[in-house]
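See below for the structure under consideration.
The values are calculated or read from the model by the stated rules, or taken from the named source; none is laboratory data. Predicted model, so just to flag it, every value in this text is computed and none were measured. Every residue, glycine among them, receives a Cβ derived from its backbone with ideal geometry; neighbour counts consider all protein chains shown. Only protein heavy atoms, including side chains, enter the accessible area calculation; ligands, DNA and RNA are left aside. Shrake-Rupley method; radii C 1.70, N 1.55, O 1.52, S 1.80 Å.
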Amino acid sequence: MAKAKAFSQPVYVTSPLLPDLDDMNKMLSSIWRSGQLTNNGSMAVRLEKELADFLGANNLSLFSNGTVALQLACRLLRLSGEVITTPFTFAATCHALSWSNLTPVFCDIEEDTFNINPKEIEKLITANTTAIMPVHVFGNPCRVEEIHGIAKKHGLRVIYDAAHAFGVEAGGKPIGCFGDISMFSLHATKLYHTIEGGALTFNDPYLKQRADSLRNFGILNEELIIEPGTNAKLNEVQAAVGILLLAQVDKEIEGRKAITGIYRSLLKDVPGIRFFEEAEGVKYNYPYFVIEVNENEFGISRDMLYERLKEHNVFARKYFYPLCSRFPCYKSLPSAAPGRLPVAEKIVERVMSLPLHGRLPQEYAERICAIIKGV
Ligand code: T4K
């Protein structure tokens, strides 16, 4: 096989969607005219409504980022003690627990979805457990019905980290309708974003009311501050970016789906490369294209493939290596002890995310596959 050529420019794992600059200037002019730059101005109010419609959420609040939104979710539910979560996630999930004085309890994941394994959850419940924080990793829906059943049986709250699951539906329902609260990250690396930002969705309107005051120092009105809040508001310029990008999301997802199709068809017969098949009844959003490398069958390890891609100017990412349970701040927790998380320990050594966004030229995906086959 001819050696695949390196790219002349770096190809990164993602590239942010950007609003048209003329449209953005019009939005900026309107903000400039109003003089309202932040503190729940008209752009933020409008985006909240439009996002709630788009995500099929009964109640939605916007925040300055997804991590602080997760922290506020813990506070809104007055959690204490231990929260069961997954070790195979971005640092923000367990850090949000830690910042809320909660102890993350790591639960192993499923081989097929890389999500928390409901069959392992019950074994970890103690008298101190108050909640479960599952993550829809790479936009794959968790086993929401099983998780709901466990939570109900044991009187636990459920906060979904839906950072990757913007626009996903499971069983015909929007992903944000499951659990007590769901968090969507609106960071620039996500398929839809507000540069930095986050959103919480709730079924209970009272939670939204409290969330809106918590993100603004706990202020209810000029004379009434109801609880110790913080500053976690989304400003008007970022909200304007969000309003403009909402019109581009469907096209972005279509573009990602097409690139995912190319990766799938060109990599499906490569020995030792595995990727997710789509499950029935799920509307996907294609946030990442993740491959699992089986060194014995493929011939080289995930780490070596990662380096080879780099030599070709392709910057894949080893999301989510290392496991959160390996971080120095968590590794001495009982749930992080060696041997407790066998599936997660195996998967984290094998997976990586290939470049994917809706504007990635199809030819790039084909060349990346040729590089993978060539090594
Ligand atoms: N829960 C989960 C499961 C999450 O994945 C995340 C965030 C959160 C919670 C927390 O939500 P936020 O508080 O962030 O809203 C990135 C993101 O910073 C992070 O938001 C995201 N997850 C995580 C999976 O990925 P890095 O360290 O990989 O980002 P970085 O800067 O290396 O960017 C990746 C690539 O994207 C770069 O190689 C180039 C490209 N890029 C990036 C940025 C920021 C651009 O082209 N332009 C840009 O502006 O963490």
Practice prompt. Return a yes/no flag: does region 352-367 have any residue that is more than 24 Å from Thr85 (Cβ to Cβ), small (Gly, Ala, Ser), in contact (Cβ under 8 Å) with a residue 40 or more places away in the chain and within 16 Å of the ligand (Cβ to nearest atom).
Written response: yes
Worksheet item: Would you pick out the residues in region 98-107 that are of a type outside the set (Gly, Ala, Ser) and either surrounded by fewer than 24 Cβ atoms within 10 Å (Cβ to Cβ) or under 17 Å from the mean Cα position of the chain (by Cα) (or both)?
Response: Trp99, Asn101, Leu102, Thr103
Worksheet item: If Glu292 satisfies every condition in (1) more than 16 Å from the ligand (Cβ to nearest atom); (2) open to solvent by 50 Å² or more (accessible area, probe 1.4 Å); (3) farther than 15 Å from Gly261 by Cα but one, which is the exception?
Response: (2)
Item to complete: Can you tell me which residue among Lys152, Lys173 is open to solvent by 10 Å² or more (accessible area, probe 1.4 Å) and either within 16 Å of the ligand (Cβ to nearest atom) or more than 30 Å from Glu252 (Cα to Cα) (or both)?
Response: Lys152
Worksheet item: Within region 1-56, how many residues are aromatic (Phe, Trp, Tyr), out of contact with any strand residue (DSSP E or B) (no Cβ under 8 Å at 6 or more places or on another chain) and within 29 Å of Leu360 (Cα to Cα)?
Response: 1
Discussion item. Could you tell me how many of the residues in region 337-349 are in contact with a helix residue (DSSP H, G or I) (Cβ under 7 Å, 6 or more places away or on another chain) and surrounded by 21 or more Cβ atoms within 10 Å (Cβ to Cβ)?
Written reply: 1
Response to the item:
Only unsatisfied item for Leu18, checking (1) within 23 Å of Val137 (Cα to Cα); (2) out of contact with any Cys (no Cβ under 8 Å at 6 or more places or on another chain); (3) open to solvent by 20 Å² or more (accessible area, probe 1.4 Å), is (1)
Practice prompt. Would you tally the residues in region 265-274 being crowded, with 16+ Cβ neighbours inside 10 Å and not β-branched (Val, Ile, Thr)?
Written response: 4
Worksheet item: Any idea which residue in region 186-203 is nearest to the ligand (Cβ to nearest atom), counting only those that are open to solvent by 30 Å² or more (accessible area, probe 1.4 Å), of a type outside the set (S, T, N, Q) and over 15 Å from Gly176 (Cβ atoms)?
Response: His187
Worksheet item: In region 300-321, how many residues are part of a loop (DSSP other than H, G, I, E, B) and open to solvent by 60 Å² or more (accessible area, probe 1.4 Å)?
Response: 1
Item to complete: Considering every residue within region 112-127, establish whether at least one is within 11 Å of the ligand (Cβ to nearest atom), touching a Ser or Thr at 6+ places or on another chain (Cβ under 6 Å) and modelled with pLDDT of 95 or more.
Response: no
Fill in: Hits in region 47-97 - residues which are open to solvent by 10 Å² or more (accessible area, probe 1.4 Å), near the ligand (Cβ under 10 Å from one of its atoms) and farther than 22 Å from Asn235 by Cβ
Phe90, Ala91, His95
Worksheet item: Here are Phe114, Phe166: which of them is over 15 Å from Met183 (Cα atoms), within 20 Å of the chain's Cα centre (by Cα) and buried (at least 22 other Cβ atoms within 10 Å of the Cβ)?
Response: Phe114
